[in-house]
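Reading through the structure tokens given below for one structure.
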Amino acid sequence: MKYKNKIMKVVAVFTMLFAFVSTSYAAKYKVGVSVPSADHGWTAGLLWWANKAVKDLKEQEKDIEFYVVAASSGSKQVGDVEDLMIRGIDALVILPHNPATLQKIIEEAFSEGIYTVVVDRELATPAQNVFIAGDNVGLGRVGAQWLAEEMDGKGNVVVIEGLQIPINKQRVDAFNDVMADYPKINILDSQPGDWSTQKALSVMENFLQKHPKIDAVWCQDDDMLKGVLKAIEESGRKDIKTVLGGAGSKDIIEMIQAGSKMVRATVTYSPSMIASGIALAVHGVKNEKIGYLYHEPSRVILGADLVTEENAADYYFKDAAY
């Protein structure tokens, strides 16, 4: 009986020790990351960068547990955020499928004290600690300035827009503002391509049938650019000298590096912004300063950089999904 009691005491001690060790190493903070599914190149890049950031941060931040989820629709993303909240997340990093659809659930998370970082697509009514995005106005402006110079300030251009959400309007308005300074450049047409390769292919096919003389195409997105190039190739048209997309995809930067005659530039709008958003959430949920900043930023806009053959290597990530 004494032997049995000793064994039970030893078991009890080990049980208490195990509980202490488990508590010591349990995650103190939980960070949820919600993004759209990888339905095209840019969102595939988004998921790749999210997973890379989590992998890198796990090596440094031993007290944080991460959850990364991807949704195929706005309603599915609402459900994902609800599930993350049930898990007890302390921080939410989200790129909304559609800001209007996600407005209410993000407001709910934010109001419950969850440190919230909204990425890329801004809410109509702000409900976050930090908003981080690429420079949509800059993407349109920088692209237009480069294209106007390449066209020597004259000629015909067609425009393929993205999804009809606010960031698309910001890009297109900035592009049009620059082109207004070049009265000899004619914008023949402007239609949505929804940032889809296939839809951009269809829109470009219609443009080619409708307009006998096109000098340049601005499609603001490197995924759509691929559809545009295919339509031009299949048409056999030789009048189009320049096609400009945007976002800085790996495939397009490779074309620039290879000296493509038609694709000579892109403008950055990198999906790596999600990784920066996750880093901001880690600092925010721990109430840590960022470098020597005395106040945390509430709005971060990343630069829109022109990428040409001269500097393409600086923006090329071989292992990236986009």
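The values are calculated or read from the model by the stated rules, or taken from the named source; none is laboratory data. Bear in mind that the values here come from a model prediction, so they are computed numbers and not experimental data. Note: ideal-geometry Cβ built from the backbone for every residue, glycine included; neighbour counts use all protein chains shown. These area figures cover heavy atoms from the full protein model, side chains too; ligands, DNA and RNA do not enter into them. Shrake-Rupley method; radii C 1.70, N 1.55, O 1.52, S 1.80 Å.
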Practice problem: Using a 1.4 angstrom probe on the protein heavy atoms only, line up 222, 177 by accessible area, largest first. | Solution: 177, 222
Quiz item: Can you list the residues of the range 167-188 with backbone N under 18 Å from a point 7 Å past the Cα of residue 239, pointing along Cα to Cβ?
Solution: 184-188
Self-check item: Phi-based couplings in Hz for the range 205-218 (Karplus 6.51, -1.76, 1.60; Gly and Pro marked x)
Solution: 4, 5, 4, 5, 6, 7, 10, x, 9, 10, 9, 8, 10, 10
Quiz item: Candidates (i) 1.05; (ii) 1.00; (iii) 1.12; which is the computed Rg/Rh (Cα atoms, Kirkwood Rh)?
Solution: (iii)
Quiz item: Can you flag which of 55/241; 169/286; 154/318; 213/250 are past 32 Å Cα-Cα?
Solution: 55/241; 169/286; 154/318
Exercise. Could you list which residues have their amide H under 5 Å from that of residue 33, counting only those 5 or more apart in sequence or on another chain, with H placed in the peptide plane?
Key: 67, 68, 69, 93
Quiz item: In degrees, nearest 10, range 0 to 90: what is the angle between the Cα axis of helix 99-111 and the longest Cα principal axis of the chain?
Solution: 30 degrees
Exercise. Compute the FRET efficiency between residue 152 and residue 59 as 1/(1 + (r/R0)^6), taking r as their Cβ-Cβ distance and R0 = 51 Å, and round to the nearest 0.05.
Key: 0.50
Self-check item: Carbon plus sulfur fraction of accessible area for the chain, probe 1.4 Å, in percent
Solution: 54 percent
Quiz item: With a Cα-only, solvent-free Debye model of the range 43-94, what are the log10 I(q)/I(0) values at q = 0.27 Å⁻¹?
Solution: -1.16
Self-check item: Exposure ranking of 139, 302 by accessible area [1.4 Å probe, largest first]
Solution: 302, 139
Quiz prompt | Per-residue ³J(HN,Hα) for the range 37-54, Karplus 6.51 cos²θ - 1.76 cosθ + 1.60, θ = phi - 60°, Hz, x for Gly and Pro | solution = 4, 7, 8, 7, x, 5, 6, 5, x, 4, 5, 4, 5, 4, 5, 5, 4, 4
Exercise. Please check the chain for the longest run free of trypsin sites (Lys or Arg not before Pro) that are loop-located per DSSP (anything but H, G, I, E, B) and have at most 11 other Cβ atoms within 10 Å.
Key: 88-183
